[in-house]
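Read the structure below first, then the notes.
The values are calculated or read from the model by the stated rules, or taken from the named source; none is laboratory data. For clarity, every value in this text was computed on a predicted model and none was experimentally measured. All Cβ positions, even for glycine, are placed from backbone atoms using ideal geometry, and neighbour counts span all protein chains on display. Surface accessibility is based on the protein's heavy atoms, side chains included, excluding ligands, DNA and RNA. Shrake-Rupley method; radii C 1.70, N 1.55, O 1.52, S 1.80 Å.
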Amino acid sequence: MGLNNIRIVLIGTTHPGNIGAVARAMKNMCLHQLYLVQPKEFPCAEATARASGADDLLYNAKVCSSLDEALDGCHLVVGASARLRRVEWPQFAPRECATQLLSEAQQGAVALVFGRESSGLSNAEMDRCQYLVNIPANEEYSSLNLSMAVQVLAYELRMTSLEGTSLKAKSDRMVATADEMEGFIRHLEQTMRDIQFSDPRQSTKLLRRLRRLFNRAQPDSDELNILRGILSAAQGCGHQNK
Ligand code: SAH
């Protein structure tokens, strides 16, 4: 049941052959939900050939025009990155990533996001991920082929799901979805501007740190609504003071 709630999201894939190889890797490991954000070329005969029998996944793949669309309704979003970023993002090792995704997947949709072959994930895309996962490869040659990276992380998910008869949701509490969190962050950003707490041109780093804080806290929808109520009240005061 858990594996069915896990989306594999590929952003801006350039080589259709990689999309096919990802479908094959996924089906081998019993994953079925493939989301493609602005693929360069899809559908494509090369993708179908490389899928070699996993073309049902390609047929059912959801092609999305934005990452937001692919993450709609997701409670946990993890981004796979070949590089360890300067901004210290909360990180999972592959096995831990599998445990967390499967555990959240007991409650609803979760996503594992992969970047472009050439440049990986942008900072803005990383911002949408609560955690990063890194496959600890050769430090001097750490970037795996996209489908190989999917294979490694999908294998960990499969192993954890086979072992994990005792896996259960961490709590009965329903963590807010990624889009609810995004709505809150935008509201926070706007409020910080309205009350002249920060100069928007300099607030990127600050906002990133605040994202980390709220992602770590894993608030539910009600808690986010309380925080948004406070923000609205602060915005009201800000307007009165002007
Ligand atoms: N040149 C890019 C890497 C692209 S590889 C870069 O330096 O960022 C395509 C995608 O495969 C990456 O965006 C990432 O999602 C995944 N990937 C490749 N190697 C990985 C690794 N060691 N750990 C985690 N994900 C990896």
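Taking all protein chains together and rolling a 1.4 Å probe, Lys62 ends up with roughly 100 Å² accessible.
Once whole DSSP H runs in the chain are found, which of them have Cα atoms spread over 15 Å or more along the helix axis and a mean Kyte-Doolittle score of at least 0.0? Span-like helices here: 146-163.
The length gained on full extension between Ala82 and Asn4, counted as 0.36 nm times the residue separation minus their Cα-Cα distance, comes to 25.5 nm. The label point for His187 and the one for Ser122, both projected 7 Å from the Cα toward the Cβ, are 2.6 nm apart.
Under 5 Å between amide hydrogens, built in the peptide plane, is the criterion, and for Ala61 it picks out nothing among residues at least 5 positions away or on other chains.
Counting lysine pairs in the chain whose alpha carbons fall under 25 angstrom apart, excluding pairs fewer than 8 residues apart on the same chain, gives 4.
Computed from backbone phi, the HN-Hα couplings of segment 42-58 come to 6, x, 7, 4, 5, 5, 4, 4, 6, 6, 5, x, 9, 5, 4, 5, 5 Hz, rounded to whole numbers (Karplus: 6.51 cos²θ - 1.76 cosθ + 1.60, θ = phi - 60°; Gly and Pro given as x).
With each label modelled as a point 7 angstrom along the Cα→C-beta vector, the Glu41-Asp179 pair spans 3.2 nm. For the chain, the 222 nm mean residue ellipticity estimated from helices alone, with every DSSP H stretch of n ≥ 4 adding -39500 (n - 2.57) and the total spread over all residues, rounds to -15000 deg cm²/dmol.
Amide H contacts of Leu76: Ala111, each under 5 Å away and 5 or more positions distant or on a separate chain (H built 1.01 Å from N in the peptide plane; Pro and chain starts excluded).
For an R0 of 45 angstrom, estimate the FRET efficiency from the Cβ-Cβ distance between Ala49 and Ala234 and round to the nearest 0.05.
0.20
Going by accessible surface with a 1.4 Å probe and the largest first, Tyr131, Tyr155, Tyr59 read Tyr59, Tyr155, Tyr131. For segment 3-8, the Karplus equation 6.51 cos²θ - 1.76 cosθ + 1.60, evaluated at θ = phi - 60°, returns couplings of 4, 5, 8, 9, 9, 9 Hz by residue, with Gly and Pro reported as x.
Amide hydrogen proximity for Arg116: with H placed 1.01 Å from N in the peptide plane, the residues at 5 or more positions away or on another chain lying under 5 Å are Leu121.
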